[in-house]
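First comes the structure, then the notes that go with it.
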Amino acid sequence: MRRIYLDHSATSALRPEALEAMLRQLQEPAANPSSVHAPGHRARMVVEQAREQVARLIGAAPDEIVLTIGGSEANNLALFGAAWSAAPASRRVVTSGFEHPSVLAVMDDLASRGFDVVRVAPGRDGVVRSRAVLEAALPETCLVSLMLANNEVGTLQPVGEVAAGLRGRGILVHTDAAQAVGKLPVDVRALGIDLLSIAAHKFGGPQGTGALYVRHGVRLHPHLRGGGQELNRRPGTENVAAIAGFGAAAGAVARGLAEEGKRIERCRDLLEIQIQARIPGARINGAGTPRIPGLSSVAVLGTTGEALVIALDLEGIAVSAGSACSAGTIRRSEALAAMGLHDEAGSSIRISLGPETRREEIEELVIRLQSVVSAMRAAAPAGALQGVR
């Protein structure tokens with residue numbers, strides 16, 4: 001059975017350019033990029049070239065890029081760093097109710113340490129209203145964190161509007177852009193933000209690498225200690241080969257971003273049209289709202305997301321039931337629950353497309369999904385399918 005991978009929002013395949021850059025670096029003599037000798041200098045040049053490539057992808061300056069081990073660390077550095085750098089009277093933090101777990105967990109920690117954390121609920125369409133965020137940002141607010149694209153539904157959030165509304169008020173604006181960078185054009189200057197998190201493996205870079213954009217002039221209190229790397233903001237010897245792959249992926253994705261995005265969006269639209277035409281009771285969460293091109297959250301009433309993920313895996317198709325950051329567990333979508341879609345939260349799957357996804361794979365998925373759903377509904381107890389049309 002030929003397997004079909006449709007979980008690119010969890011991780012996408014390593015781009016050939018990234019693999020080539022990594023292999024080239026791994027074949028170089030060993031060297032620490034902090035060393036002052038010639039091999040160390042060569043390793044440093046590789047790191048700095050990658051930093052420039054990442055910066056160029058989001059319209060930043062190279063010295064505004066802090067290299068991390070991934071998007072989750074970038075979120076932690078942004079949130080803890082901003083909170084611990086805030087004035088004593090600024091102890092309020094505003095976020096949304098359906099952020100990535102690496103944001104929500106930090107918010108829980110800050111709340112336990114006396115910060116006033118406000119979580120603004122998204123609407124049923126999967127969008128947080130900018131007015132609600134701005135109203136929650138009282139004068140004592142030090143930070144607003146709002147993701148650029150939701151990781152479970154794909155809906156785009158009004159980050160630029162929020163940043164514009166807060167301009168001149170001394171409140172930092174952070175966005176988790178892990179699901180947006182490499183899939184949509186992202187420009188930190190146009191957004192007007194202070195901090196932005198990136199994960200390399202979401203767009204064909206290696207796992208275990210990422211970055212945090214820190215606007216010039218923003219002070220961050222480091223939450224890790226032990227070295228002077230990354231201008232004393234993030235200690236630890238750099239993984240030169242992985243960083244080289246990160247930079248190469250950033251350069252490669254930038255070259256074909258618009259064309260590839262349109263192609264993937266057409267595949268997603270075909271997927272959603274066919275699912276709704278062939279599977280009674282199927283709904284597209286966030287439909288009609290601007291979304292990243294390749295992500296579709298599909299609710300299939302009369303089933304469970306967990307059962308669908310397992311059944312499709314047995315059919316050779318990889319999808320997920322929501323965020324991939326739950327250590328291999330499957331549970332209901334907290335994002336959909338935050339949107340008020342409680343029935344859909346337990347019966348939805350996330351289908352996410354990537355550069356290698358083809359129309360024939362979409363058509364094969366729909367055929368196998370239809371078969372799986374029919375079998376599940378046939379085995380369901382009487383009354384379980386009430387309301388399914």
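Roll a 1.4 Å probe over the protein heavy atoms and report the accessible area of Met339 in Å², nearest 10.
Surface accessible to solvent at Met339 totals approximately 0 Å².
Can you find, among Gly227, Gly123, Ser320, the residue farthest towards the positive end of the dipole of the chain? Put +1 on the C-beta of Lys and Arg, -1 on that of Asp and Glu.
Highest projection toward the positive end goes to Gly123.
Expressed as a whole percentage, what fraction of the accessible surface of the stretch 142-246 belongs to carbon and sulfur atoms when a 1.4 Å probe is rolled over the protein heavy atoms?
Values: 1760 of 3460 Å².
Its accessible area is 51 percent carbon and sulfur atoms.
With +1 on each Lys and Arg Cβ and -1 on each Asp and Glu Cβ, how big is the dipole of the stretch 249-329 about its Cα centre, in debye rounded to the nearest 20?
Numbers: 8 positive and 8 negative charges, 55 e Å.
With only Lys, Arg, Asp and Glu charged at Cβ, the dipole is about 260 debye.
From the phi of every residue in the stretch 361-368, what ³J(HN,Hα) in whole Hz does the Karplus formula 6.51 cos²θ - 1.76 cosθ + 1.60 yield, where θ is phi - 60° and glycine or proline is x?
Result, ordered by residue: 5, 4, 5, 5, 4, 4, 4, 5 Hz.
If amide hydrogens are placed 1.01 Å from N in the peptide plane, which non-local residues have theirs closer than 5 Å to the one on Val118?
Under 5 Å from the amide H of Val118: Val93, Val94, Thr95.
Separation of the stretch 54-71 and the stretch 229-248 by C-alpha centroid, Å?
One Cα centre to the other: 11 Å.
Can you tell me what percent of all Cα-Cα pairs in the stretch 135-235 are more than 22 Å apart? Each step should come with its number before you reach the end.
Numbers: 1811 of 5050 pairs.
Within the stretch 135-235, distances greater than 22 Å cover 36 percent of Cα pairs.
If you filter the stretch 96-170 for GluC sites (Glu not before Pro), then keep DSSP loop positions with at most 15 other Cβ within 10 Å, what is left? Could the numbers behind the result be given before it?
On the way: sites: Glu99, Glu135, Glu140, Glu152, Glu161; in loops: Glu99, Glu140, Glu152.
In loop regions of the stretch 96-170 (DSSP not H, G, I, E or B), the sparsely surrounded GluC sites (Glu not before Pro) are Glu140.
In square angstrom, rounded to the nearest 10, how much accessible surface does Val36 have for a 1.4 Å probe?
Val36 has an accessible surface of roughly 150 Å² with all protein chains in place.
So what is the 222 nm mean residue ellipticity for the chain from helices alone, if each DSSP H run of at least 4 adds -39500 (n - 2.57) and you divide by all residues, rounding to the nearest 500 deg cm²/dmol?
Details: 14 runs with 160 residues, N = 389.
So the calculated ellipticity at 222 nm is -12500 deg cm²/dmol.
Relative to the longest principal axis of the chain, what angle (0 to 90°, nearest 10) does the C-alpha long axis of helix 101-112 take?
Helix 101-112 and the main axis of the chain meet at about 70 degrees.
Show me the ranking of peptides 222-231, 263-272 by mean Cβ neighbours inside 10 Å, starting with the highest.
Details: 222-231: 13.9, 263-272: 18.1.
With the highest mean Cβ count within 10 Å placed first, the list reads 263-272, 222-231.
Over the stretch 1-118, what is the relative contact order in whole percent, taking alpha-carbon pairs under 8 Å and six or more residues apart?
Numbers: 65 pairs, mean separation 16.2, N = 118.
For the stretch 1-118, the relative contact order is 14 percent.
Compute the accessible area per residue over the chain, keeping the other protein chains in place, probe 1.4 Å, unit Å². Write down the numbers at each step before the final one.
On the way: 16350 Å² over 389 residues.
Value for the chain: 42 Å² per residue.
Return the loop-located trypsin sites (Lys or Arg not before Pro) in the stretch 142-195 (DSSP other than H, G, I, E, B) with at most 15 other Cβ atoms within 10 Å of their own Cβ; answer none if there are none.
Working: sites: Arg167, Arg169, Lys183, Arg189; in loops: Arg167, Arg169, Lys183.
Answer by residue number: Arg167, Arg169.
With unit charges on the beta carbon (Lys/Arg positive, Asp/Glu negative), name the residue among Ala13, Ser35, Gln53 whose Cα is farthest towards the positive pole of the charge dipole of the stretch 1-153.
Towards the positive end, the residue furthest out is Ala13.
Over the chain, what is the relative contact order in percent, taking alpha-carbon pairs closer than 8 angstrom and at least six residues apart?
Details: 795 pairs, mean separation 89.3, N = 389.
Relative contact order, the chain: 23 percent.
Could you order Glu238, Glu364 so the one with the most accessible surface comes first? Probe is 1.4 Å.
Values: Glu238 20, Glu364 60 Å².
Listed by decreasing accessible area, they come as Glu364, Glu238.
I'd like the Karplus ³J(HN,Hα) series for the stretch 132-149: coefficients 6.51, -1.76, 1.60, θ = phi - 60°, whole numbers in Hz, and an x wherever there's a Gly or Pro.
Once rounded to whole Hz, the list reads 5, 5, 5, 5, 6, 7, 6, x, 7, 6, 9, 7, 10, 10, 9, 5, 7, 9.
Report, in debye and to the nearest 20, how large the dipole of the stretch 1-105 comes out about its Cα centre when Lys and Arg carry +1 and Asp and Glu carry -1 on their Cβ. It would help to have the intermediate numbers written out before the result.
On the way: 10 positive and 10 negative charges, 32 e Å.
It comes to approximately 160 debye.
Roughly how many whole Å is it from the C-alpha centroid of the stretch 2-48 to that of the stretch 161-199?
Centre-to-centre distance over Cα atoms comes out at 27 Å.
Take the alpha carbon atoms of the chain, find their radius of gyration, then divide it by 2.2 N^0.38 Å using N residues; give the quotient. Walk me through the numbers on the way to the answer.
Values: Rg = 21.5 Å, N = 389, 2.2 N^0.38 = 21.2 Å.
Here the answer is 1.01, to two decimals.
Where does each of His8, His41 land when they are ordered by accessible area, with a 1.4 Å probe and the largest first? Kindly include the intermediate steps, with their values, before the conclusion.
On the way: His8 5, His41 105 Å².
These residues rank, largest area first, as His41, His8.
Go through the stretch 114-121 residue by residue and turn each phi into a ³J(HN,Hα) via Karplus (6.51, -1.76, 1.60, θ = phi - 60°); whole Hz please, and just put x for glycine and proline.
Rounded to whole hertz, the list is x, 6, 8, 9, 10, 10, 8, 6.
Would you mind classifying the stretch 50-161 by shape? Square roots of the alpha carbon gyration tensor eigenvalues, ordered a ≥ b ≥ c; an a/c under 1.5 is rounded, otherwise it is prolate if a/b is larger than b/c and oblate if not.
Working: a/c = 1.70, a/b = 1.19, b/c = 1.43.
In terms of gyration-tensor shape, oblate.
Let me know the charge dipole size of the chain about its Cα centre in debye, to the nearest 20, where only the beta-carbon of Lys, Arg (+1) and Asp, Glu (-1) is charged.
Dipole of the chain, to the nearest 20 debye: 340 debye.
The values are calculated or read from the model by the stated rules, or taken from the named source; none is laboratory data. Because the structure is a prediction, the values reported are computed rather than measured. FYI the Cβ positions are ideal-geometry reconstructions off the backbone, even for glycines, and counts take in every protein chain you see. Side chains are part of the model used for accessible areas, which takes the heavy atoms of the whole protein and leaves out ligands, DNA and RNA. Shrake-Rupley method; radii C 1.70, N 1.55, O 1.52, S 1.80 Å.
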